[in-house]
1. Can you find a residue in region 124-147 that is over 19 Å from the mean Cα position of the chain (by Cα) and surrounded by fewer than 19 Cβ atoms within 10 Å (Cβ to Cβ)?
2. Go through region 1-34 and give me each residue that's among the charged types (D, E, K, R) and more than 18 Å from PHE73 (Cβ to Cβ).
3. Here's a check for you: in region 47-83, which residue that is at pLDDT below 85 and among the hydroxyl-bearing types (Ser, Thr, Tyr) is nearest to ARG12 (Cα to Cα)?
4. For residues in region 53-70 being in contact with an Asp or Glu (Cβ under 9 Å, 6 or more places away or on another chain) and in a helix (DSSP H, G or I), which is farthest from ALA17 (Cα to Cα)?
5. Given the criteria in a helix (DSSP H, G or I) and either of a type in the set (A, V, I, L, M, F, W, C) or surrounded by 16 or more Cβ atoms within 10 Å (Cβ to Cβ) (or both), does ARG79 qualify?
6. Given the criterion surrounded by fewer than 17 Cβ atoms within 10 Å (Cβ to Cβ), closer than 23 Å to MET121 by Cβ and not hydroxyl-bearing (Ser, Thr, Tyr), identify the matching residue among GLU41, GLU59.
7. Is it the case that some residue within region 16-35 is loosely packed, with under 13 Cβ neighbours inside 10 Å, polar (S, T, N, Q) and either out of contact with any Asp or Glu (no Cβ under 6 Å at 6 or more places or on another chain) or assigned to a helix (DSSP H, G or I) (or both)?
8. Can you say whether THR110 is of a type in the set (Val, Ile, Thr) and either at pLDDT 85 or above or closer than 23 Å to GLU27 by Cβ (or both), as far as the supplied structure shows?
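The values are calculated or read from the model by the stated rules, or taken from the named source; none is laboratory data. Only a predicted model underlies this, so the values are computations on that prediction, with no experimental measurement involved. Note that each Cβ is placed from the backbone with ideal geometry, even for glycine, and that neighbours are counted across all protein chains shown.
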Amino acid sequence: MTSDEELLSALRAGDLAAFDVLYGRYERRLFGYIQRMLGDEERAKDLLQDVVFTVVTDETFDPERGRFGAWLFTVARNRCRQLTRQVEQRGAKEHLLDTTPKPAIDVEATLDRTRNVRTAMAALTEPQRQLLLLKQVGEMTYREIGAALGVAEGTIKSRLHDATRALRRQLVALGETQ
């Protein structure tokens with residue numbers, strides 16, 4: 001199996017098939033991560049394309065300094081933060097201009113569970129949320145998360161354990177038993 005780094009090198013040399021393989025490997029996980037970070041499917045789709053464009057055009061990734069997947073999720077995390085800051089700065093104006101219809105969810109139990117998980121996640125610290133999203137949604141390894149955040153793998157394991165316990169405590173406090 002061709003490594004991500006080899007595919008990126010081939011892509012930079014003009015091999016469009018390498019792009020298709022890289023995109024196929026990361027599209028689902030990266031989209032899920034971005035969507036959870038932003039909480040908005042349409043914005044997540046747009047930002048996914050922005051991150052993919054970065055992969056194609058940005059030549060700052062150096063395989064000697066880390067893994068492609070860690071770099072990719074770092075780019076996504078930074079773009080999510082940037083977009084979130086921009087939206088916060090626009091504040092109420094953006095909210096008033098948003099006429100996008102919101103889909104209705106019929107299954108009440110699913111809606112309650114989703115609310116509880118979101119509430120529990122919101123109660124965590126930003127670093128805890130980031131770790132859980134990178135691990136669960138981004139499906140990154142401890143090593144990849146460590147590389148993306150510039151932290152030792154053992155530290156990531158310990159922090160993820162603490163974040164998971166904190167999330168469980170929040171869910172229990174909200175009446176979730178699982």
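1. Going residue by residue through region 124-147, those that are over 19 Å from the mean Cα position of the chain (by Cα) are none.
Scanning region 124-147, I find no residue that is over 19 Å from the mean Cα position of the chain (by Cα) and surrounded by fewer than 19 Cβ atoms within 10 Å (Cβ to Cβ), so the answer is no.
2. In the first step, residues of region 1-34 are kept if they are among the charged types (D, E, K, R); the result is 4-6, 12, 15, 20, 25, 27-29.
Passing the criteria: GLU6, ARG12, ASP15, ASP20.
3. Applying the filter and picking the extreme gives THR57.
4. Restricting to residues being in contact with an Asp or Glu (Cβ under 9 Å, 6 or more places away or on another chain) and in a helix (DSSP H, G or I), the top hit is ALA70.
5. Working: in a helix (DSSP H, G or I): yes; either of a type in the set (A, V, I, L, M, F, W, C) or surrounded by 16 or more Cβ atoms within 10 Å (Cβ to Cβ) (or both): yes.
Yes, satisfied.
6. On the way: GLU59 fails: closer than 23 Å to MET121 by Cβ.
Within the list GLU41, GLU59, the selection yields GLU41.
7. Let us first name the residues in region 16-35 that are loosely packed, with under 13 Cβ neighbours inside 10 Å, namely 16-17, 20, 24, 27-28.
Of the ones still in play, those that are also polar (S, T, N, Q) are none.
Checked against the condition, which is being loosely packed, with under 13 Cβ neighbours inside 10 Å, polar (S, T, N, Q) and either out of contact with any Asp or Glu (no Cβ under 6 Å at 6 or more places or on another chain) or assigned to a helix (DSSP H, G or I) (or both), region 16-35 yields no hits at all.
8. Numbers: of a type in the set (Val, Ile, Thr): yes; either at pLDDT 85 or above or closer than 23 Å to GLU27 by Cβ (or both): no.
Judged against the criteria, THR110 is not a match.
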